[in-house]
Structures are given as C-alpha cells and as structure tokens.
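Down below is the structure, laid out as structure tokens.
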Amino acid sequence: MTGPLLRIVGDRNPSSVKIAIVQTLGLILTKGGAALRAFVPQFQTTFVKALSDPSRSVRIEAIKALALLMPLSSRVDPLIKELVSSSLGKGLNATVETAGLVAIQTASLEALAIVLQHGGDKVKVADSIPSSLDAAKELVEHEDDGIRESAAKVIGYACDLLGPEEAGTVLQEFVLDNKVTTEPETKHGMACICRRIFSRSVGRDIDRSIYKSVVTLIQTLMTDEKTLVKESSCVAIGAILGSSTEIKASISQLEKSIIACMDTKEELSVQQAVANGLCITARLQPGVFRTEEGLPLINAALKLAMSGAQRVQFSYNDLLWIALDVANGDEVGLNEYLSLAHFDVAKKMQAIYSKVLVRMKSVNTDEF
C-alpha cells in the first residue's frame, strides 16, 4: 500500500483526495512503525512537498504526518535545513503570489516546530537548531500575524533544546529591549515569544530577574488597546504563571490583572485567551487551582463556563477539565476543590462536573 500511495499523492487530485491520502499515510505510519523505516526518505519528501499545497487542509495534514514520521527518522538535519530555507522563502517559485508565499512560510515554520519538538534530540549537526532559531528570530516581527505566531513556536522549541541561557538572551533581545515600542506587530510578537518559551520546561530555569521584568511587561500588554496584543498577552501570562518557582506569590501578583480580563464586558476573544493561558498554567502546575491561592481564579473560570457565549463556555470547560484532573476519573480533583469552595459555588461546580466535564473524552493539551 505504501509505495502506490506515495506515488499518487502528488498527482493532480482534488484537495479532498490529497487529504485522504496523507491521512492514510499517517495511519500506515502509526500501524507499521519500524517496519516502514526504509520508506522514511519518500515519506519525508512527500510531506514536505505537501507543505506547499494550495489547500490549507492539505498543509495541516502534512504537518501532522511529519510528527508521526519523527520517531522513525534518524537524519533530521537535512530536513531542518530544508524547512529553514522554505520558511525564509528561499528556493520557492518566484511566481508564487504574496498570500501563497505567506501560507507556505507559515506551514514551513509549523513543520519546523514539529520537527524540533519530536526530533530535536536527534540533531547531529551543531548548526541545525541555532539556524532554526535565527530563521524564527528573523520572522517573529513579520507583518503577518500567522507567521509571527509560528515563528514564536519555533523559538520556544529551539530555546528548550538550547537551554535557559539562550532563552534568556532571546527574551532580553526581542522582548525586554523592545518594551518601549508602539508597533502592534512587535508587541504581538513579544507576547507570542513569552508564551512559547514559558510554555516549555526551559521556562522555569530562566534567570528570575529576567522573569520578573517579563511579568511586568506582559501585565502592561494585557491592557493594550489592540485586541490581538491583548489576546496574545492573556495567553502568555498563563504560561508565565505556570513557569513560576514561587507560585503563591505569583498568583497574588497576577490575580487581579487576569480576572480583569475575564470580565464579561471584555471581548469574547480576550475571555477565551485567558482560558487558554490558564490551561497552560494548569498543565505546568498540576493542582494549582485546587488551592486557597488558586480558588479565586477557578471560581471566575466557573462563572464563564456557564457563559451565554458558547465558544467562551467551551474554552472554560476545557480549563475546568484540566484543572480538576477529570481524566483520572476518580473525582479527587473535584473533592479537593469542594473542600475549599463555599457552598453555593461548590454546588454549581458539582453540577457542571456531572453534566458536562465527565462527558468530555479529552482535551488536547498540546494546543496549550
């Protein structure tokens, strides 16, 4: 099956057929495992080529498939080099229109982040990860917000591999040294960088003086007049909180700013962004919202989980699902919360737990 599918994926098929083929190849990789090692170069070529497909759905499936390929791949350096080149727009057809170029660059950056995440420990060429970081640095202030977000993702995984010193340098150069900027694109890129670096394990090892300066800056950006900057900062503050080595003090410092952005008068996208940020906190600091210090935040989240706006409701359901550790199915997380909460709020949490949270099969924490 593998050979014929690899040969026809590049034919002039409609995007729906290409999506089906790439998804099938992904299933074959999952099922076949090590038995498909000989096909790795062909798989890699096919998936990288699909990153330039006009259909966004095809590009997304190709990125997912590359993640599945990484456990079998032993030579990731040439792949990283190719993705770095295409993310910078090098070697692409000169006739590609601007929108198409942006789409390909974004897909290449997303794929590069996936390769660093799942295959970064297999790098053998010393320059591979630094070159990825340099490419992302070049693009994190790009005029397109999608490219900025994807570049920040690459920065996060590259810094995680290169260590806290490099991460601190990036934060100093691209965040703290830019704190007087008025450009919304730059501010958005700054918040995205903070989110991605502090979402990784390297975040806890960053120099605490840099950490404290970043906290102050992102708190300021959470009140920015531009919604995009505000949204990205609300997600970033969750990652920053999750990377705290003094969680009680950090919650005390940030609680007011976070709850202010959870106000129902705020734009729905901002309310959702806070939920996404707190999901990162809950992932990095398990049990933090089942403490006296975390109680005001989870109570505010409970209120929005019963919001009239469905998309806000769903975002906070995800947060409660992670915060109460519903996946374990033993109600320990719920009982810890109930032991702290007042009767009326506890009753509401029990209701949403039994009617909604236990029926949720999973939440993809990789998104956070």
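Please compare each pair in LYS212/LYS256; LYS187/LYS230; LYS49/LYS137 to a cut-off of 21 Å on the Cα-Cα distance and tell me which ones are over it.
Violating the 21 Å limit, Cα to Cα: LYS49/LYS137.
I'd like the per residue volume of the convex hull spanned by the Cα atoms of segment 282-363, given in cubic angstrom.
85
Under a 10 Å cutoff between Cα atoms, tell me which one of GLY333, GLY277, GLY238 has the largest fluctuation in the Gaussian network model of the chain.
GLY333
Gain in length, LYS64 to THR45, computed as 0.36 nm per residue apart minus the alpha-carbon separation, to one decimal in nm?
5.4 nm
Any idea of the accessible area per residue across segment 292-368, 1.4 Å probe, to the nearest Å²?
I get 55 Å² per residue for this part.
Whole-Hz Karplus ³J(HN,Hα) for segment 224-231, in order, using 6.51 cos²θ - 1.76 cosθ + 1.60 and θ = phi - 60°, x for Gly and Pro?
For segment 224-231, the Karplus curve yields 4, 6, 8, 4, 4, 5, 4, 4 Hz.
Would you compute, from DSSP H runs of 4+ residues alone, the mean residue ellipticity of the chain at 222 nm, taking -39500 (n - 2.57) per run and dividing by the full residue count, rounded to the nearest 500?
-21500 deg cm²/dmol
State, to one decimal in nm², a quarter of the convex hull surface area for the C-alpha atoms of segment 216-368, i.e. the direction-averaged projected area.
Averaging across all directions leaves 8.4 nm² for the Cα convex hull.
Pairwise over distinct Cα atoms, reciprocal of the mean inverse distance: report the Kirkwood radius of the chain in Å, one decimal place.
Kirkwood hydrodynamic radius for the chain: 21.7 Å.
On a 0 to 90° scale, report how tilted helix 15-32 is relative to the longest principal axis of the chain, with both axes built from alpha carbons and the result rounded to the nearest 10.
Around 80 degrees separate the two axes.
Taking every eigenvalue of the Cα gyration tensor of segment 323-368, multiplying by 5 and rooting it, what semi-axes result, largest first, whole Å?
Whole-Å semi-axes of the equivalent ellipsoid: 20, 11, 10.
Taking N as the number of residues in segment 1-116, what is its alpha-carbon radius of gyration divided by 2.2 N^0.38 Å?
Dividing the Cα radius of gyration by 2.2 N^0.38 Å gives 1.00.
Keeping every protein chain in place, order HIS142, HIS342, HIS118, HIS188 by accessible area at 1.4 Å, biggest value first, i.e. largest first.
Ranking HIS142, HIS342, HIS118, HIS188 by accessible area, largest first, yields HIS342, HIS118, HIS142, HIS188.
What FRET efficiency do you get for ILE259 and ALA20 if R0 is 51 Å and r is their Cβ-Cβ distance, rounded to the nearest 0.05?
0.65
Run through all the Cα pairs of segment 198-238 and give the fraction in each 10 Å bin from 0, expressed as whole percent.
In order of increasing distance, the bins hold 30, 49, 20, 1 percent.
Relative to the longest principal Cα axis of the chain, at what angle does helix 343-355 sit, 0 to 90 degrees, rounded to 10?
30
Rounded to whole Hz and in sequence order, give me ³J(HN,Hα) for segment 298-315 from the Karplus expression 6.51 cos²θ - 1.76 cosθ + 1.60, θ = phi - 60°, writing x for Gly and Pro.
6, 5, 5, 5, 4, 4, 6, 5, 10, 5, x, 8, 4, 5, 5, 4, 4, 4
Please compute the modelled spin-label separation between ARG359 and LYS248, points set 7 Å along Cα→Cβ, answer in nm with one decimal.
In this crude label model, LYS248 to ARG359 measures out at 3.9 nm.
Using the Karplus curve 6.51 cos²θ - 1.76 cosθ + 1.60 with θ = phi - 60°, work out ³J(HN,Hα) for each residue of segment 274-282 in order, rounded to whole Hz, and write x for Gly and Pro.
Listing the rounded values in order: 4, 4, 4, x, 6, 5, 5, 4, 5 Hz.
Tell me the angle of helix 164-174 to the major Cα principal axis of the chain, expressed in degrees between 0 and 90 and rounded to the nearest ten.
Orientation of helix 164-174: about 90 degrees from the principal axis.
Can you tally the net charge around VAL332? Count Lys and Arg as +1, Asp and Glu as -1, for every other residue whose Cβ sits under 10 Å from the Cβ of VAL332.
-3
List the pair-distance distribution P(r) of segment 22-77, using every Cα-Cα distance, as the percent of pairs falling in each 10 Å bin from 0 up to the bin containing the longest distance, rounded to whole percents.
The percentages, shortest bin first, are 26, 58, 16, 0.
Per the Kirkwood formula on distinct C-alpha pairs, the Rh of segment 85-205 is how many angstrom?
Radius from the Kirkwood sum: 14.4 Å.
Can you tell me the length gained on complete extension of the stretch SER55 to LYS303, counting 0.36 nm per residue apart and subtracting the Cα distance?
Using 0.36 nm per residue and subtracting the Cα-Cα distance, I get 85.4 nm.
The values are calculated or read from the model by the stated rules, or taken from the named source; none is laboratory data. Since we're looking at a predicted model, the values are computed, not measured. For neighbour counting, all protein chains shown are included, and Cβ atoms are generated from backbone atoms with ideal geometry for every residue, glycine included. Protein only, heavy atoms only, side chains kept; ligands, DNA and RNA dropped before computing areas. Shrake-Rupley method; radii C 1.70, N 1.55, O 1.52, S 1.80 Å.
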